[in-house]
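S.K.: Pasting a structure here, questions to come.
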Protein chains: 2
Amino acid sequence: MAKKGKTAIEPTRDEDYPEWYQQVVKASDMAEKSPVRGCMVIKPWGYALWENIRHNLDDMFKSTGVKNAYFPIFIPLAFFEKEAEHVEGFAKECAVVTHHRLEQSPEGGLVPAGKLTEPLIIRPTSETIIGDSFSKWVSSYRDLPILINQWANIVRWEMRTRIFLRTSEFLWQEGHTAHADKEEAVRRTRMMLNIYARFAEDYLAIPVMKGEKTFSERFPGAVNTYCIEAMMQDRKALQAGTSHFLGQNFSRASDIRFQSADETEEFAWTTSWGVSTRLIGGLIMCHGDDDGIILPPKIASSQIVLMPIVRKQSQRQEVMEYTENLAKALKEKRYGGRRLSVEIDDREIGGARGWEWIKKGIPLRVEIGPRDIAQNSVFVARRDQTPKEKTSIGRERFIIQIDHILDEIQHNMFNKALAFRKKNTVSINHREEFYQFFTPKDQKKPEIHGGFAMSHWCGEEACETRIKDDLKVTIRCIPFDNEREDGECICCGRPSRERVVFAKAY
Amino acid sequence: MAKKGKTAIEPTRDEDYPEWYQQVVKASDMAEKSPVRGCMVIKPWGYALWENIRHNLDDMFKSTGVKNAYFPIFIPLAFFEKEAEHVEGFAKECAVVTHHRLEQSPEGGLVPAGKLTEPLIIRPTSETIIGDSFSKWVSSYRDLPILINQWANIVRWEMRTRIFLRTSEFLWQEGHTAHADKEEAVRRTRMMLNIYARFAEDYLAIPVMKGEKTFSERFPGAVNTYCIEAMMQDRKALQAGTSHFLGQNFSRASDIRFQSADETEEFAWTTSWGVSTRLIGGLIMCHGDDDGIILPPKIASSQIVLMPIVRKQSQRQEVMEYTENLAKALKEKRYGGRRLSVEIDDREIGGARGWEWIKKGIPLRVEIGPRDIAQNSVFVARRDQTPKEKTSIGRERFIIQIDHILDEIQHNMFNKALAFRKKNTVSINHREEFYQFFTPKDQKKPEIHGGFAMSHWCGEEACETRIKDDLKVTIRCIPFDNEREDGECICCGRPSRERVVFAKAY
């Protein structure tokens, strides 16, 4: 519980942002580290959030004709080697299965036995194994497009892990499509990125920049990678979703050929696109405050907690009945495409109860005591306001207005995040100013710096590398909505025709 | 397409049941073998079915207070070794991760590198890794019960695999609960089995027998295993779901201790329960006919296909508009807890189109031609009837009665399966008759035999083993609803007080 003057989370964002993140995750009860190196346990409060993300995105995908399927978790080594850049990109972080049973060793204890003739890779992404299926499914242009998505677990053996942001195993969706026509594939790549952007902004309340990656930041094997980039409260960027135009690279590697309408044999054009449980990390870092996480109502694990206040045992029945009736009435209502999710917390643990829900980020906390019941009203606190701001609202008005209240919180969160990003996004034209922008003001807080710099870049990888080496700053994207503007490269001074987004990134 | 006198699937069930199964799966476009040994690719038509299974079961679990979570796919070897029977049961079929990257070998090609200090097992089931979390989550009786479920992929390195029935990787849900009280844990074990039985009968239209496993058929490490057993059309049994009372075995292994209300320290009582994509195999084998699979309406990947019939190009627009309007009207309706799922198939491929949907098992096929439109009616064929039985129904009546029609199919399927099971379930009291019952009549069809035998058993494992060795027949379960009846063991003749279910099994 927060003591006077103190916040529920220590340290505060300002004191130590990375540690604040760890403490917020812990206090939210969303997830925890597991005894398996780099893997997390997603607890019910975190998993419910993921279910809501999954459900809403899934509907959006399906509305564009995408169908779900499921492919093996194992990728034979030979498949993996087919696309040279691809294997280069993932070889260093692959979990490899080499045996298929355990045997008692002479020294006691179990040891791996039954060596596989070919090692199997646990999918770090599924282009090659799904490509193999596509090659069997496609023979004529009439079989195209194929629009497939899978919800799956993924393993990338990361050396430095952080819950939700970078874990050895994570959950994601990966879409894979194949087309007869290049333009159609490019359109699909853009379409899916637009869905990610709409989802991030409308559901997660996270404003994002849409754009294209530079060559060095592309997905291994892609022709083009599009991305959405969000600003966290330490002003660093988080890549929140990517959509790749793969050209014919993977169809050549997997032999996805088809007979075209004019009877020539051609390779299909493919795309892939994904978002992961990383979104939850972004959500936390974009919206959390020094009292814990704040969940956007549309996607919250649960939207409302009712907390009956029983001071005398004689009041118990009346208060509980009133609370349960209110819960029932609220659950009849729909919000964000599903029924309102309402919790009743009748534990008798005083103020700690309210603080637990604050730390869990639930959008609305409602207290119900005998005095409220006498007035047929409820005492409502919004998570996007300070813990002490509570309002008494008549019961019926509360029920009728609930979607307006939740919408207000949702918009409020988005607008606050957007204002923050705007405030910390600066057009910079001079090299010195650029270097200063990215240099921490306070050496004790090496994390804190300027934010996003919109600056000119000549297009040369050498300049990109230089800036990365000097400042750990990368080009997050070349924005789609760029207007042509003549200028000089922030690094070398050579002519440039557009600004790009420079930032430190997760 | 089926030629006259022929069926759409060759061979027929009667000619070669195992091969019929493979051909039916192929013709249904639900799944296919993958290039990875023993793994399957679940195609959209099969995955949609799994999504419906998942969605409905998930609601049923949640209505009993269960919450979803997610635990690591990897189990450290040391965890796995904690429960002796458990590791004994799974050691022979474990995929083992031993390395965490790939390296270019001097001879060219990639080889596993970065050897792990401790090998990791890919979960064949998650009692030990989830138990580790429970041990951290529980300290007082107030923390109990914990009611958790996860939807996940599982790997068991099976030597003989068959799509959906037995694959090296499969999808499932595994519920895990911990309780302060033994009786409560036993009640939960029963409660979840009852949910499985209700789901199998009400949604999959598969009649099941509920009962307890004998010692030799128990889950490795369980005190008791409850199961539901269904009869397939070759009269063999399929175990369709299991629920295990684990006693304190796993809480001792994982150290799940709590302070009881009277302040003593105790080990928790745990349960686990699961069903998998195997249910789809059961569905196919229970309901399929010689024209392919038949999907129960409540759970079907899609319930209705509309097939516009356009003989002249000039009719095209009118027919398509009528079809799309009908689809729209049908999609407004709900069935089995979700909106009706309606396909439009406007391919001009003649009779092959209808046969494709028959093989896919869609409950209703609707033809719409200019003559139907003139009468404002549709031409409807039910998958549970012969392909030629088609009925003309007025459009409005069809829309109004759609849920009755689907219900009729659903019940029809269940009743047919129940009648089949009854017909092939026989009480047998004499050893000779029992042996004859399980001996194939026709040596060319070793699969075909009597069915389920309800016979007395003395309770000795020796008798069970003898029968298994002689006939490949096992005790599927000791039914819950058994009435006490004195009799003689079918094997040794010693006294017995109840009958058990003997059958050959998948």
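All of the numbers you see were taken from the coordinates with simple rules; none came from a lab. Since the structure is predicted, the reported quantities are computational estimates derived from the model, not experimental observations. Reconstructed Cβ throughout: ideal geometry from the backbone, glycine too, with neighbour counts over all protein chains shown.
S.K.: So what's the back-of-envelope 222 nm ellipticity for chain A, counting only DSSP H runs of four-plus at -39500 (n - 2.57) apiece and dividing by all residues, rounded to 500? Intermediate values should be presented prior to the final figure.
M.R.: Details: 14 runs with 168 residues, N = 506.
For chain A, the value works out to -10500 deg cm²/dmol.
S.K.: Also, I was wondering about something else. Taking each label point as 7 Å beyond Cα in the direction of the beta carbon, state the distances from A:R166 to the same residue in the other copies, shortest first, in nm.
M.R.: Counterpart label points of A:R166 in the remaining copies fall at 4.4 nm.
S.K.: Would you kindly work out, in nm and rounded to one decimal, the distances from the label point of B:T117 to those of the same position in each other copy, ordered shortest first, with label points 7 Å along Cα-to-Cβ?
M.R.: 3.6
S.K.: Quick one: dipole size for the range A:304-408, taken about the Cα centre, charges +1 on Lys/Arg Cβ and -1 on Asp/Glu Cβ, in debye to the nearest 20.
M.R.: Using Cβ point charges on Lys, Arg, Asp and Glu, the range A:304-408 gives about 140 debye.
S.K.: ³J(HN,Hα) across the range B:61-69 via Karplus (A = 6.51, B = -1.76, C = 1.60, θ = phi - 60°), whole Hz, x for Gly/Pro?
M.R.: Working through the residues one at a time gives 4, 4, 5, 9, x, 6, 10, 7, 8 Hz.
S.K.: Now for a different question. On a 26 Å Cα-Cα criterion, which of the cross-link pairs A:K360/B:K182; A:K115/B:K213; B:K423/B:K472; A:K26/B:K182 come out too long?
M.R.: Going by Cα-Cα distance, A:K360/B:K182; A:K115/B:K213; A:K26/B:K182 fall outside the 26 Å limit.
S.K.: Would you work out if the range B:425-503 is rounded, prolate or oblate? Take a ≥ b ≥ c from the square roots of the eigenvalues of the alpha-carbon gyration tensor; rounded if a/c is under 1.5, else prolate when a/b is larger than b/c, oblate otherwise.
M.R.: Verdict is prolate for the range B:425-503.
S.K.: Using a label position 7 Å from Cα in the Cα→Cβ direction, what is the ascending list of nm distances from A:K333 to the same site in the other copies?
M.R.: Label point to label point, same position, other copies: 3.3 nm.
S.K.: Which ³J(HN,Hα) values, rounded to whole Hz and listed in residue order, are derived for the range A:176-183 from phi using the Karplus coefficients 6.51, -1.76 and 1.60 in 6.51 cos²θ - 1.76 cosθ + 1.60 with θ = phi - 60°, glycine and proline given as x?
M.R.: Working through the residues one at a time gives 9, 10, 10, 9, 7, 10, 4, 4 Hz.
S.K.: Continuing with this model, one more query. Taking square-rooted eigenvalues a ≥ b ≥ c of the alpha carbon gyration tensor, is the range B:370-500 rounded, prolate or oblate, where a/c under 1.5 means rounded and, failing that, a/b exceeding b/c means prolate?
M.R.: Working: a/c = 5.21, a/b = 2.73, b/c = 1.90.
Judged from the Cα gyration tensor, the range B:370-500 comes out prolate (a/c at least 1.5, a/b above b/c).
S.K.: Which whole-Hz couplings ³J(HN,Hα) result when phi for each residue of the range B:251-268 is put into the Karplus expression 6.51 cos²θ - 1.76 cosθ + 1.60, θ = phi - 60°, listed in order with x for Gly and Pro?
M.R.: Values, residue by residue: 6, 5, 5, 9, 6, 8, 10, 8, 7, 7, 4, 9, 6, 9, 8, 10, 8, 6 Hz.
S.K.: Using only the Cα atoms of the range A:17-287, build the gyration tensor, take square roots of its eigenvalues as a ≥ b ≥ c, and label the shape rounded, prolate or oblate: rounded if a/c is under 1.5, else prolate if a/b is larger than b/c, else oblate.
M.R.: Details: a/c = 2.00, a/b = 1.12, b/c = 1.79.
Oblate.
S.K.: Where does each of B:99-110, B:279-290, A:181-192, A:246-257 land if you order them by average Cβ count within 10 Å, highest first?
M.R.: So the peptides B:99-110, B:279-290, A:181-192, A:246-257, ranked by packing, come out B:279-290, A:246-257, A:181-192, B:99-110.
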